[in-house]
Amino acid sequence: MTTKRISRKERRQQRQERVSNENSQQNIFEKLHFDLKFIEPLTKNQEITFDSWKSGKNLLLVGTAGTGKSFLSAYMGMNCILQQQDYEKMLIVRSVVPTRDMGFLPGSNREKSKVYEAPYYSIFSEIFGRGDAYDFLKNKNLVEFVTTSFVRGITVNNSVVFIDELQNMTASEINSVFTRIGKKCRVIIAGDVKQNDLNPRKEESGFGDFFKVIRNMNSFNTIEFTSKDIVRGDIVKEYLLERERLEELGEIQPL
């Protein structure tokens, strides 16, 4: 196969168009005072997460609820995009577990899965300090939400790919999503094995095997969050610490 060589003039035109597009996007944010808040790590593992991302690593964030995995993922991803680091958008991918059995309900698949976007409205509102942040970014094609049901056949390039709630994906879903990742992408994956919504009689999470694979990939760093990293609220931390204590004593069943 032969490739066409472009002239110096064509290269210059491409460079000018790229700069123009970047400036246009930057002007949108400046005009609307649309800026990320400055977020600092609150725990040691959050600090490790920031440092790993800044060093160029892709990330697998696993562990306890309330430790900021999704929040940090959205913040770091959007920070890359708004700093014009060659990424065009953030693609958020989730599995819509219960809706697999909701085909008889009214509305399109997109409408039925919209409930799974709810966490990102509050996350983006917090990191940008304005309630319309998530809708605004979606309308500007800087954020896209997709479910595992609709990833087959697509290729994602020049994007930050955020795969959330990994524990709710089967091995087949995980493989379908991961093999869609194309050129010039950064990847953040988040999950908590104790919040598995799959029906064990029908489906098995692919988290365990995927975890083993990722830990052997040099392009990824894995950060494991514990109850010590909980930042959501004191009552959540108290609850999970007490649950862990009783599980260790054998007084209650592990989740």
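Some notes on this structure:
- Here is the tail figure for segment 110-225: Cα pairs spaced more than 23 Å apart come to 36 percent of all pairs.
- A Förster radius of 30 Å combined with the Cβ-Cβ distance from ASN218 to ILE39 puts the calculated FRET efficiency at roughly 0.65.
- Accessible surface for ILE181 stands near 40 Å², nearest 10, in the context of the full protein assembly shown (1.4 Å probe).
- When peptides 158-171, 236-249 are ranked by their average number of other Cβ atoms within 10 Å per residue, the highest-first order is 158-171, 236-249.
- The orientation-averaged shadow of the Cα convex hull for segment 113-165, equal to a quarter of the hull surface, comes to 4.2 nm².
- Here the gap between GLU238 and LYS140, fully extended at 0.36 nm per residue and compared with their Cα-Cα distance, gives a gain of 31.2 nm.
- Approximating the spin labels as points 7 Å out from Cα along Cα→Cβ, the ASP209-to-ALA65 distance works out to 2.8 nm.
- Förster radius 41 Å - calculated FRET efficiency between VAL115 and ASP51, Cβ distance, rounded to 0.05: 0.75
The values are calculated or read from the model by the stated rules, or taken from the named source; none is laboratory data. These numbers come from a predicted model, not from an experiment. Backbone-built Cβ (ideal geometry, glycine too); neighbour counts: all protein chains shown. Quick note on the areas: whole protein, heavy atoms, side chains included, nothing else; ligands and nucleic acids left out. Shrake-Rupley method; radii C 1.70, N 1.55, O 1.52, S 1.80 Å.
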